[in-house]
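Laboratory data are not the source of any read-out in this text; all were calculated from the coordinates shown. Since this is a predicted model, take the numbers as computed values, not measurements. Here the Cβ positions follow ideal geometry from the backbone for every residue, glycine too, while neighbour counts run over all protein chains shown.
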Amino acid sequence: MQKSIVICLFFFIAVNTFSQQLSEATQRVFMSVENMQSVMNLNKMSQTGITFDTRYEGIKGTPRLADTLLPSFLMLSGQDYYFEINADLDLVNNTIIYARSGNTAEFSIPAQYVKEVIINIDGREVLFRTTSGRKFDKGIRENRFYQVIGDGEYEFIKVPMKNFVTADYKGAYSADRRYDEYVNDTKYYIKGSEGIFQQVQLNKKSIVRAIPEKKDIIEKAFSKASGTDKEALVISILEQF
């Protein structure tokens, strides 16, 4: 009886061990088949070609003001004389890009070292200074170049800026914008009676808010305005003060 039990037990262990070995072997076969299937899929992909995303359309626009070097006069901080150069403004990095007359090599000067620069644009001299040391109500957090449009008690300036907007075309809820772009973000300011530059829109309500003491003149000028050049209209209003 005991001998029979021992034989049965031995047989059970042998069968169980064999079944475990068979199971492990079977798993290895399954893994081999799976790996082979992966290789077959990879081979199939290589035969049909890998698909690349060709939707990106590059970069539109430029970080510069004019995108070309123009005849200019540069005055550095602490100086009282001009250098004659060919220059343009980098509105993203806040630098002057320049080359000396007769030289094509380009260099840059950060805004912090510039007092003012006069650039000949479309046959007229345009004066740019920097915002350093001037007070702004909002919108200006770093030293930038600004164009002097109207000088006087109520100084009227334009701060040309550009923002870099990245492409957005991937994902289910993307804007489907397939290019990076430098986008204009020009801001206008008028220096109020307290010496603070206030950001304005070129409309009656905004100009009155900046110079409330001249409300009557401003409203009268806007009521008579017929053209679409709002910048010129604001200049003509300020010239009456």
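By count of other Cβ within 10 Å, fewest leading, how are 141, 64 ordered?
141, 64
Counting only residues 5 or more places away or on other chains, whose amide H sits under 5 Å from the amide H of residue 149 once H atoms are built in the peptide plane?
Amide H neighbours of residue 149, under 5 Å, 5+ apart: 156, 157, 158.
Over segment 62-200, what is the relative contact order in percent, taking alpha-carbon pairs closer than 8 angstrom and at least six residues apart?
So the answer I get is 18 percent.
Going by C-beta contacts inside 10 Å, put 236, 226 in order with the fewest on the left.
If I rank by nearby Cβ atoms, fewest first, I get 226, 236.
Rank the residues 145, 241 as a footprinting-exposure proxy: fewest other Cβ atoms within 10 Å of their Cβ go first.
With the sparsest Cβ surroundings first, the list reads 241, 145.
Taking 0.36 nm per intervening residue step and subtracting the Cα-Cα distance, what contour gain separates residue 137 from residue 81 on full extension?
17.0 nm
Can you give me the Cα centroid spacing of segment 57-92 and segment 132-148 in angstrom?
Measuring centre to centre over Cα atoms gives 18 Å.
In whole angstrom, how long is each semi-axis of the equivalent ellipsoid of segment 47-176, when you take the square root of 5 times every eigenvalue of its Cα gyration tensor and sort them from largest down?
Here the semi-axes work out to 36, 21, 12 Å.
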